[in-house]
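In what follows, a structure is listed as structure tokens, so that the remarks can point back to it.
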């Protein structure tokens, strides 16, 4: 459903519309001291980065439905006190890992088709609408502060970034046990690692060891 700013959908009792422009994006830890993704793309980056394993601790910030609800509500995406189920959690994590698969593809990886298909199935929800204006860019809003609305708005932030060209700069680190989403601010978009001092250094060390093993021995025969 598309509406103009002059004609909005009628509000129902308890209707809690949520606009993408009104979502709160708190400061997040950024890999390698990088600047975060700009605008609403920062929401996508923060959602994907509820799990990454640069430090090899393996802690997932969305460890249970309550943690998911708290993360969403703290950003204005969900009504405070909303209770989510295990099925809701599995769905949200499927969306997150589908987005990470897309970000790995942005970093030269092979897209995981199963994860992307799962992502798109999870996003088939009639919660999003567009508001058009004569004086500014279009706005996206969800009908309710619900899990459906939250996932729809996260997806709309991806769509906006794909249209304006910023999407290709959001990447997932290819480092082993990492997957941290970072925004490539470099002029030629050549960054591959979340941090050259960590994942980049680890990759260089692995390549060095691999070359040493492949190098033929120059030692002569023993007498």
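If each residue's Cβ is checked for other Cβ atoms within 10 Å, how do 25, 154, 125, 163 rank with the fewest at the top? The partial results should precede the final answer.
Values: 25 18, 154 24, 125 14, 163 9.
Going from least to most buried by this count: 163, 125, 25, 154.
Suppose each label sits 7 Å from its Cα in the direction of the beta carbon; what would the residue 19-residue 35 distance come out to in nanometres?
So the two model labels end up 2.5 nm from each other.
Please give the per residue volume of the convex hull enclosing the alpha carbon atoms of the range 80-203, rounded to a whole number of Å³.
Once divided by residue count, the hull of the range 80-203 is 150 Å³.
So how far, in whole Å, is the C-alpha centre of the range 144-182 from the one of the range 22-48?
Using only Cα atoms, the two centres lie 10 Å from each other.
Rule-based calculations on the coordinates, nothing more; no lab input. Just so it is clear, the model here is predicted, and its values are computed rather than measured. Please note: Cβ atoms are built from the backbone with ideal geometry, for glycine as well, and neighbour counts cover all protein chains shown.
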